[in-house]
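Visitor: This structure is in structure tokens; I'll ask about it shortly.
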Number of protein chains: 2
Amino acid sequence: MTFRFQLHHTDTATGARRGTFTTPHGPVETPGFMPVGTQGTVKGLTIDHVASTGAHMILGNTYHLGLRPGHETVRALGGLHAMSGWEGPILTDSGGFQVFSLKGINKISEHSVVFRSHIDGALIDLTPEHSIEIQESLGSDVAMVLDHVVALPAERDDVQQAMERSIRWAKRCLEYASRDDQAKFAIVQGGLDVDLRVQCARDLASMNFEGYAVGGLSVGETPDEMYRITAATTPELPADKPRYLMGVGRPIDLLESIVRGIDLFDCVMPTRNGRNGFAFTDSGPIKIRNAKHKTDTSPLDASCDCLACTRHSRGYLRHLFIAGEMLGPTLLSLHNLTYYQKVMRGAREAIRAGTLVEYIATKKNQWGIT
Amino acid sequence: MTFRFQLHHTDTATGARRGTFTTPHGPVETPGFMPVGTQGTVKGLTIDHVASTGAHMILGNTYHLGLRPGHETVRALGGLHAMSGWEGPILTDSGGFQVFSLKGINKISEHSVVFRSHIDGALIDLTPEHSIEIQESLGSDVAMVLDHVVALPAERDDVQQAMERSIRWAKRCLEYASRDDQAKFAIVQGGLDVDLRVQCARDLASMNFEGYAVGGLSVGETPDEMYRITAATTPELPADKPRYLMGVGRPIDLLESIVRGIDLFDCVMPTRNGRNGFAFTDSGPIKIRNAKHKTDTSPLDASCDCLACTRHSRGYLRHLFIAGEMLGPTLLSLHNLTYYQKVMRGAREAIRAGTLVEYIATKKNQWGIT
């Protein structure tokens, strides 16, 4: 079997799981965090940098890569692995989230969503089948089904119709897909309604997907609402398949969602915040542009072994940002991704040791979260 | 002795020299090329990237670092080596070239040049002594004297007065300097007048500098004029001291100047052109944004062992530039600096083997220069 999900431990005190998801490009230890490589590159980092953070699987965006350079070009360059040089596992999203969250929507129907390219204004007709076609050209290890995402808050009827359409689209994706070396993950929708989420999860669980995602969250609802929906959804998903919470989030969100049975995450936060001079550390967040770091010779995070922390001072990192040097965003992105992987590695070790609750309490204390 | 210049070979067919310049932070093999780290970072590259190109010594800009973060801040961060993390030799320029080429000059006198900061408009009074004071705070291995650079073309009288002032300022720098672990290099001025250049070189050669630079070139004159002035100047400089041609240049300019007795170079061209999508290769220049590279799976330069060439295709590099991704400028800067170092390594080996003329003929043929 090309794909395999082995569950090593399930925490009895929480819903947390420790597992290994095996793909054609290698294993992914779970709980795991995927850096986002929107346009076929994790912004500002070389592939060696990304590997040095400890990341196992990275994410590519079907919407962006489908528009530029275009899926035929990616295919001509040997697929996303050969093109980007990343030899490990890759997951691609379906384009649904981008299409429905950008401003270019022209028409939504049962058949497809028609939108305008943000690059050249061209009208694009994105069907579930076309999303899979693009992802098959990209050649990712995991393809996501096209889903209909509604902005929240929304009327229950709208949420329900989008959720039901997402189920039908998921089925069309599964039927259209032709690559045995590409896993298909379904996406649970249903807004903030537990009964819609449960219905969606059950319907999708009855189909033969290699994994399941919780989508349509981290779109402005409170963390507690997100945790509540996640906690209500995961018990309805097959225990022997990986579960992926899309687009989440802050380090604390990762830990709170691991407790609720999530195995995989992706988020732009470590790289986007890094580019903006914001670092995640064991002493809480640091704004590196702050004047107090001007002559500080201490490292960003003394317990971190990334290039930014082992070779450079806070004073130098601040200088790079104040002077507008590219190296600043690169180093803080590298640090933040290294930090995220360290938090995930700590969570995996804590699940194995049966100390996850204590681990989370320690991290919350370090981060100043009460 | 803290500084030593050992001449291993002097080419009998040309004026080329093969040597080793020893500094407190290690040896610099000559002929050698210094990447430019204007603000304490070679733009877009980590220090590990810079080291991987084969660079021995890098350059920092006194003008830029003196304004931001300021020399007191660099000193508080342990000097430029500790601040930037670069453990090899560093040369700093004097600020003269930037002050005289930027638009902010307020007043030039025998005492100093007064200019407005391009950052906050503050009036700065830059004396020869202050330039050395800044460079002593930076703690570079080599400090350059403050020189008076005139834009070309110019009246002979203006060129002569600036040249004579540069000699007096060089003497003031030498007298003011207090760090034994920092070499002082004088700068020959004199525009395109051979007799002024010769007079300046002789006057400076009579003072005890650890090295000599040819300045005020590569400012718009033709390559042949630059070669002519260089050829007329180097015979007047002490044979046992390193000779540095400032701000030069294209790969062919490096080779033509090595032939004329130059040992050291610096230039922003490999990094600036790299950021603009222009690559130097053994098959001549490549504009990576060109549409013909869209689906090209071949490397930028098959004979290059840099990350860009060993892990990525022309098609991918083009995509990064078209998509505006930071990784494109990073990879092409890395490649160009690697290429420059390879050209210099080839020149050193050719001098040793007595085949420099043939080496240059081969490179010109590869680059399409007749």
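The values are calculated or read from the model by the stated rules, or taken from the named source; none is laboratory data. The model shown is predicted, which means the values in this text are computed figures rather than measured ones. Because the Cβ atoms are built from the backbone with ideal geometry, glycine has one as well, and the counts that use them run over all protein chains shown. Heads up: the accessible areas ignore ligands, DNA and RNA and are worked out on the full protein's heavy atoms, side chains in. Shrake-Rupley method; radii C 1.70, N 1.55, O 1.52, S 1.80 Å.
Visitor: For the range B:202-318, compute Rh as the Kirkwood radius over C-alpha pairs and then the Stokes-Einstein diffusion coefficient at 20 °C and 1.002 mPa s; write the answer in µm²/s, rounded to an integer.
Guide: Reported coefficient: 131 µm²/s.
Visitor: While we're looking at this one, here's another question. How many angstrom lie between the C-alpha centres of the range B:258-332 and the range B:85-137?
Guide: If you average the Cα positions of each part, the centres end up 32 Å apart.
Visitor: A further question follows. Under 5 Å between amide H atoms, partner at least 5 residues away or on a different chain: which partners does B:Val188 have, H built in plane at 1.01 Å?
Guide: Under 5 Å from the amide H of B:Val188: B:Ala213, B:Val214, B:Gly215.
Visitor: Divide by every residue of the protein assembly as shown the summed helix terms, -39500 (n - 2.57) for each DSSP H run of at least 4, and state the resulting mean residue ellipticity at 222 nm, rounded to the nearest 500 deg cm²/dmol.
Guide: -12000 deg cm²/dmol
Visitor: For the range B:27-63 and the range A:23-63, compute the distance between their C-alpha centroids and round to whole Å.
Guide: 30 Å
Visitor: How far is B:Asn290 from itself in the other copies, in nm, if each label sits 7 Å out from Cα along the Cα-Cβ line, shortest first?
Guide: Ordered by distance, the counterparts are at 5.1 nm.
Visitor: Quick one: of the DSSP bridges fully inside chain A, what percent are antiparallel, nearest 5?
Guide: Of all bridge pairs located within chain A, approximately 50 percent are antiparallel.
Visitor: If you put a point 7 Å past Cα along the Cβ direction, how far is that point for A:Val194 from the same point in each other copy, in nm, smallest first?
Guide: 9.4
Visitor: Over the range B:20-149, give the accessible area per residue in Å² for a 1.4 Å probe, as an integer.
Guide: I get 30 Å² per residue for the range B:20-149.
Visitor: Summarise the partner chain shielding of B:300-312 as one whole number: the mean count of Cβ atoms from other chains within 10 Å of each residue's Cβ.
Guide: 2
Visitor: What lysines sit close enough to B:Lys171 to cross-link, taking a C-alpha to C-alpha distance under 24 Å and skipping anything fewer than 8 places away on the same chain?
Guide: Cross-link targets: B:Lys107, B:Lys184, B:Lys241.
Visitor: Return the inverse of the average 1/r over all pairs of distinct C-alpha atoms in the range B:319-370, which is the Kirkwood hydrodynamic radius, in Å to one decimal.
Guide: That comes to 12.8 Å for the range B:319-370.
Visitor: With θ set to phi - 60°, apply the Karplus curve 6.51 cos²θ - 1.76 cosθ + 1.60 along the range A:74-84 and write out the HN-Hα couplings as whole Hz, x wherever there is a Gly or Pro.
Guide: 4, 4, 5, 8, x, x, 5, 4, 5, 5, 7
Visitor: When the C-alpha atoms of chain A are aligned to their principal axes, what extent does each axis show, in angstrom, from largest down?
Guide: For chain A, the Cα extents along the three principal axes come out at 60, 50, 42 Å.
Visitor: Would you kindly work out, in nm and rounded to one decimal, the distances from the label point of A:Ala239 to those of the same position in each other copy, ordered shortest first, with label points 7 Å along Cα-to-Cβ?
Guide: For A:Ala239, the other copies' label points sit at 8.7 nm, shortest first.
Visitor: Per residue of A:229-236, how many C-beta atoms from partner chains lie within 10 Å of its own C-beta, taken as a mean?
Guide: Mean shielding count: 0.
Visitor: Hey, another quick one. With the Cα gyration tensor of the range A:112-226 giving a ≥ b ≥ c as the square roots of its eigenvalues, does the rule (a/c under 1.5 for rounded; else a/b larger than b/c for prolate; else oblate) give rounded, prolate or oblate?
Guide: Taking the square roots of the gyration eigenvalues as a ≥ b ≥ c, the range A:112-226 is oblate.
Visitor: Report the antiparallel proportion of the DSSP beta bridges in the protein assembly as shown as a percent, rounded to a multiple of 5.
Guide: Beta bridges within the protein assembly as shown, antiparallel portion: roughly 50 percent.
Visitor: Counting only heavy atoms of the protein chains, get the accessible area per residue of the range A:213-285 (1.4 Å probe) and round it to a whole Å² value.
Guide: It amounts to 31 Å² per residue over the range A:213-285.
Visitor: Right, another one. State whether the protein assembly as shown is rounded, prolate or oblate according to the following rule on the C-alpha gyration tensor (a ≥ b ≥ c being the square roots of its eigenvalues): a/c under 1.5 gives rounded; otherwise a/b larger than b/c gives prolate, and the remaining case gives oblate.
Guide: In terms of gyration-tensor shape, prolate.
Visitor: Search the structure for amide H atoms under 5 Å from the amide H of A:His148, placed 1.01 Å from N in the peptide plane, and list their residues when 5 or more places away or on another chain.
Guide: A:Ser166
Visitor: Here is a follow-up. Which percent of the accessible heavy-atom area of the range A:223-290 goes to carbon and sulfur, probe 1.4 angstrom?
Guide: 49 percent
Visitor: Compare each residue of the range B:59-94 in its chain alone against the assembly with all protein chains, and report those whose accessible area goes down by 30 Å² or more; 1.4 Å probe, heavy atoms.
Guide: B:Arg68, B:Pro69, B:Thr73, B:Ala76, B:Leu77, B:Met83
Visitor: Another question, if that's okay. For the pairing of chain B with chain A, what total accessible surface becomes buried, with a 1.4 angstrom probe, in square angstrom to the nearest 100?
Guide: So the buried area, both faces added, is about 3400 Å².
Visitor: Could you run the Karplus curve 6.51 cos²θ - 1.76 cosθ + 1.60 with θ = phi - 60° over the range A:295-310 and give me ³J(HN,Hα) per residue in whole Hz, x for Gly and Pro?
Guide: Karplus values, whole Hz, x for Gly and Pro: 10, 7, 8, 7, x, 3, 8, 4, 8, 9, 9, 7, 4, 4, 8, 8.
Visitor: Of A:Lys103/B:Lys287; A:Lys103/A:Lys364; A:Lys43/B:Lys363; A:Lys294/B:Lys43; A:Lys292/A:Lys342, which pairs sit farther than 25 Å apart, going by alpha carbon to alpha carbon?
Guide: Those over the limit are A:Lys103/B:Lys287; A:Lys103/A:Lys364; A:Lys43/B:Lys363; A:Lys292/A:Lys342.
Visitor: If you check each cysteine of chain B for another cysteine whose beta-carbon is under 4.7 Å away, which ones come up empty?
Guide: If one checks each Cβ against the other cysteines of chain B, B:Cys173, B:Cys200, B:Cys267, B:Cys306 turn up with nothing under 4.7 Å.
Visitor: Select from the range B:101-137 those trypsin sites (Lys or Arg not before Pro) which occupy a DSSP coil region and have at most 10 other Cβ atoms within 10 Å, ordered by residue number.
Guide: B:Lys103
Visitor: Given H placed 1.01 Å from N in the peptide plane, which residues other than close sequence neighbours of A:Met326 have an amide H under 5 Å from its amide H?
Guide: Residues meeting the criterion, in which the H sits 1.01 Å from N, are B:Gly44.
Visitor: For the rotation taking B to A, I'd like to know which residue in chain B has the C-beta closest to the axis, plus that distance in Å.
Guide: In chain B, the Cβ lying nearest the symmetry axis toward A is B:Met326, 3.
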